[in-house]
Amino acid sequence: MNTPKRPTLACALIATLALGAMPGLRHAHAEVQALDDTDLACIAGRDGLGFAVHLEMNSALLNGQVMDSRLVAGYTVRGQTTYQVAHNVGGVIDLIAMTLNLRSRPDGGDYIDLGLPFYVGVSDFGYRALGAQTSATAPVTNSYGQLLLHGQAAMQGHLYLWAQ
């Protein structure tokens, strides 16, 4: 079976050096200039800024390591403090093909246009136990259960943010 040949690092390096040696390309880039606010406001990108997020939070849990991480919220009612404890919050989330654009409204105001991710991948993201108790540091002995998300999803749409 014939497999296609892939360019090696050496070939890529030679091609880069050859392009840099061409007289017309060495002077193709303009010098960096500072822009004032008026000039900067006139600059617009066609598709804005595209980015992806790979978030690993306490991902050692996925390899079976023993951890004691907590997300705690305390509430005081009639002098009694109760803590809601999410034990071992973590996992992995991938958000791919997100966009960020700065746009202007017809009334002249500006807003942020955040494009929702086209691909969302989740690997055991959530909490391993949820409890309500009077101590934030005590072990969660009476758990209300766990929530672990695992899978993929596709999204479309935009989130618009502006100042009031």
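The values are calculated or read from the model by the stated rules, or taken from the named source; none is laboratory data. Owing to the predicted nature of the structure, the values given are computational and were not obtained by experimental measurement. Positions of Cβ are generated from backbone atoms using ideal geometry, with glycine treated the same way; all protein chains shown enter the neighbour counts.
For the stretch 105-130, give me the residue count where each residue is part of a strand (DSSP E or B), surrounded by 13 or more Cβ atoms within 10 Å (Cβ to Cβ) and out of contact with any His (no Cβ under 7 Å at 6 or more places or on another chain). Walk me through it before giving the result.
Just the residues of the stretch 105-130 that are part of a strand (DSSP E or B), to begin with: 110-115, 119-127, 129-130.
Remaining after also requiring surrounded by 13 or more Cβ atoms within 10 Å (Cβ to Cβ): 111-115, 119-127, 129-130.
Going one step further and asking which of them are out of contact with any His (no Cβ under 7 Å at 6 or more places or on another chain), we end up with 111-112, 119-121, 125-126, 130.
Within the stretch 105-130, residues that are part of a strand (DSSP E or B), surrounded by 13 or more Cβ atoms within 10 Å (Cβ to Cβ) and out of contact with any His (no Cβ under 7 Å at 6 or more places or on another chain) number 8.
Quick check: anything in the stretch 62-69 surrounded by 13 or more Cβ atoms within 10 Å (Cβ to Cβ), within 28 Å of Tyr119 (Cβ to Cβ) and in contact with a Ser or Thr (Cβ under 6 Å, 6 or more places away or on another chain)? No, because not a single residue in the stretch 62-69 is surrounded by 13 or more Cβ atoms within 10 Å (Cβ to Cβ), within 28 Å of Tyr119 (Cβ to Cβ) and in contact with a Ser or Thr (Cβ under 6 Å, 6 or more places away or on another chain). Within the stretch 130-153, residues that are farther than 16 Å from Ala73 by Cβ have Cβ atoms under 7 Å from residues that are among the acidic types (Asp, Glu) and in a strand (DSSP E or B) in these pairs: Leu148/Asp124; His150/Asp124, counting only partners at least 6 apart in sequence or on another chain.
When the stretch 75-104 is limited to residues that are outside any strand (DSSP E or B) and under 26 Å from Leu147 (Cβ atoms), the one that is nearest to the chain's Cα centre (by Cα) turns out to be Val89.
The combined condition, being under 30 Å from Gly48 (Cβ atoms), at pLDDT 90 or above and outside any loop (DSSP other than H, G, I, E, B), is not fulfilled by Val72.
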